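See below for the structure under consideration.
The values are calculated or read from the model by the stated rules, or taken from the named source; none is laboratory data. Predicted, not measured: the structure shown is a model, and the values here were computed from it. Don't worry about glycine lacking a Cβ; one is built from the backbone with ideal geometry, like all the others, and counts go over all protein chains shown. Each accessible area value is taken on the protein alone, full model and side chains, heavy atoms only, with ligands, DNA and RNA left out. Shrake-Rupley method; radii C 1.70, N 1.55, O 1.52, S 1.80 Å.
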Amino acid sequence: MNFFCPICWKEIRGDDIRCPYCGSDITEHEKKSFEEKLINALRHPERETVQRAVWVLGKLKSIKSLEPLKILFEQTDNPFLEIEILNALAEIATHDALDIIMSALDSEESIVRRKAREIIEKRIVDKGWI
Ligand SMILES: [Zn+2]
């Protein structure tokens, strides 16, 4: 099993108390909430970990993750991650989440545009949002 510093994301040993690279107190980080850890995981170097964190944050309907998800959406050029983010935003389902989904209608990737349209159309049908 690999361990990563939750702050700088360099690989560390599982029994490290402080990160040997950035000096962060790992045990302090352990006290953070599950939600905060997931938000930190959005910067993880392994794509699968990021993808999983996005999915769980959606299931948790994490309002706190909206801004980090928005930044990640703007920064990534991976359409599959963008779609995962759109799915999470659809779960969170606040007006701010909708704004981000709306902005995806202008995406250069057709699969991303299609997903955004699909979510918005479904919301209109299910009422609630618009
Ligand atoms: Zn570190």
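Results, tabulated for the structure shown:
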quantity: On Cα atoms only, tilt of 47-59 relative to the major axis of the chain in degrees; calculated: 60
quantity: Whole-percent carbon and sulfur share, accessible surface of the chain, 1.4 Å; calculated: 52
quantity: Stretch gain in nm, segment Asp25-Ser103, where the contour uses 0.36 nm per residue and the Cα spacing is subtracted; calculated: 24.3 nm
quantity: Amide hydrogen neighbours beyond the local backbone of Phe4, cut-off 5 Å, H modeled; calculated: Ile12
quantity: Most to least accessible of Val125, Val50 (protein chains only, probe 1.4 Å); calculated: Val125, Val50
quantity: Helix-only [θ]222 nm of the chain, DSSP H runs n ≥ 4, -39500 (n - 2.57) each, per residue, nearest 500; calculated: -17500 deg cm²/dmol
quantity: Among 82-92, 67-77, the order from most to least packed when residues are scored by Cβ within 10 Å on average; calculated: 82-92, 67-77
quantity: Surface per residue (accessible, 1.4 Å probe) for region 1-128, Å²; calculated: 62
